[in-house]
1. Report yes if some residue within segment 64-84 is within 12 Å of the ligand (Cβ to nearest atom), over 20 Å from residue 53 (Cα atoms), in a loop (DSSP other than H, G, I, E, B) and touching a helix residue (DSSP H, G or I) at 6+ places or on another chain (Cβ under 7 Å); otherwise report no.
2. Taking the residues in segment 95-105 that are within 10 Å of the chain's Cα centre (by Cα) and more than 9 Å from the ligand (Cβ to nearest atom) as candidates, determine which candidate is farthest from residue 60 (Cα to Cα).
3. Could you tell me which of the residues 10, 54 is out of contact with any strand residue (DSSP E or B) (no Cβ under 6 Å at 6 or more places or on another chain) and at pLDDT 85 or above?
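The values are calculated or read from the model by the stated rules, or taken from the named source; none is laboratory data. Computed from a predicted model, the values in this text were never measured in an experiment. Please note: Cβ atoms are built from the backbone with ideal geometry, for glycine as well, and neighbour counts cover all protein chains shown.
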Ligand code: HEC
């Protein structure tokens, strides 16, 4: 009786068990996917919050360096240079241009990895190994937590692409027709004379 019962019940119960397993797995996968999505959007929101809070657009969005409102899509770079060498009569200062941080592959950071973005932000070293100039306050960004840095990089990678080419930075003495500002490199004395300081 028992002997008969086992083979008779197995085929009947097996599909049900399989079905149940599949259902449980599906349920599980769905809830994992939902959790992943919730997590991804929390990271995205955190990245957006940090980018606004740290005011990346004040340099990386056209308009602000001229003292105006944004004149181009957010974070699509600035064609106004930032002088990083002292004022010397007759010598064009070196200019740094805050690049296009949108996800455009050609003109933005679309093809950068998250690690490359984090490295540029925290070590001042760009993708091609070129040392970033002191105008970007990267030394301050080393205080950010790893999860905030990743959130920023991830958010930037999802900023819709804007094709906008920004001039290459120039060295002191190299000619450039771009307008520029001096940033953190000069003070006015009480007589209103500009005083520049040498970079360390
Ligand atoms: C005070 C101006 C300033 C601020 C604020 C600033 N940057 Fe920059 N950033 C620059 C400049 C200038 C460069 C280009 C430097 C160079 O060419 O050596 C740059 C370069 C970069 C680069 C390398 C990409 C490229 O095209 O060269 C990344 C990535 C970057 N910035 C991200 C950020 C993020 C993210 C923030 C906000 C957390 C930020 N920056 C805030 C000025 C700024």
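1. yes
2. Within segment 95-105, the match that is farthest from residue 60 (Cα to Cα) is 103.
3. Every option except 54 fails the conditions.
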